[in-house]
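The structure appears right after this line, and notes come after that.
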Amino acid sequence: MNINIVEDEVTVPDYAIINEEVVCGFFGPHRFLSNFYPCRVGVYWLGTLFPSTEHAYQAAKFPKVYHKEFVDITAGRSKKLAREIVKADSSLYDDEMWCRVKDTVMSQLVFQKFTNNQDLKEMLLSTGEKRLEETNSWGDVYWGVCKGTGKNKLGKILMATRNYIRTIEL
């Protein structure tokens, strides 16, 4: 079953596994783990407040002058806008540089998401010791896992964030 993550916030696809040990797929009650999930208190990047980590992550690929364009749109639209900007003027995006910094950018944004929003922090901590995996059907094998293959970088960042929050709250 393919899920349109932009439009469907409720459906849990067949490939999602949620049990005592793992959360594989950020859908239904675990949608809050998705970068597309809107934050009550947003995340900042270079002085601009974004409504979700996806908005900020996509904007971070470009010079600051473009960041405002990513604020008042949906998370899904922010992803499309990033592609459109690159297509219109590829000089605005340095893929080699982005590949060197994208993990750090994502880590910072995810950390903000869960430390700036008490409700989201509590929900993240409620996942206990479960392995978090961004299982998906759209082929993302860098941030997630598709058809059993992938680096699951987002899941690893979420688990590291969860562990760090635990240590600073002792």
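A short reminder: the numbers here are calculations on the coordinates, not readings from a lab. Small disclaimer: the values here were computed from a predicted structure and weren't measured. Neighbour counts run over all protein chains shown; Cβ positions are idealised from the backbone, glycine included.
Okay, here's what the table says:
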quantity: Beta bridges per DSSP with both ends in the chain, % antiparallel, nearest 5; calculated: 55 percent
quantity: Residue among H30, S137, H67 farthest towards the positive dipole end of the chain, charges placed on Cβ; calculated: H67
quantity: Whole-Å semi-axes of the ellipsoid equivalent to the chain (Cα gyration tensor, √5λ, descending); calculated: 25, 19, 15
quantity: Flagged links, alpha-carbon separation over 21 Å, of K80/K121; K61/K121; K68/K113; K79/K102; K64/K121; calculated: K80/K121; K61/K121; K64/K121
quantity: FRET efficiency for R131 and C99, using Cβ-Cβ distance with R0 set to 30 Å, rounded to 0.05; calculated: 0.70
quantity: Counted charge near Q108, where neighbours are those whose Cβ lies closer than 15 Å (Asp, Glu -1; Lys, Arg +1); calculated: +4
quantity: Where GluC sites (Glu not before Pro) fall in DSSP loop in region 27-136, at most 15 other Cβ within 10 Å; calculated: E129
quantity: Computed over the chain: relative contact order in percent, which uses C-alpha pairs under 8 Å that are six or more apart; calculated: 21 percent
quantity: Along the chain, longest interval not containing exposed trypsin sites (Lys or Arg not before Pro), exposed being DSSP loop plus at most 12 other Cβ atoms within 10 Å; calculated: 41-146
quantity: FRET efficiency estimate (nearest 0.05) - Cβ-Cβ, V22 to Y142, R0 22 angstrom; calculated: 0.65
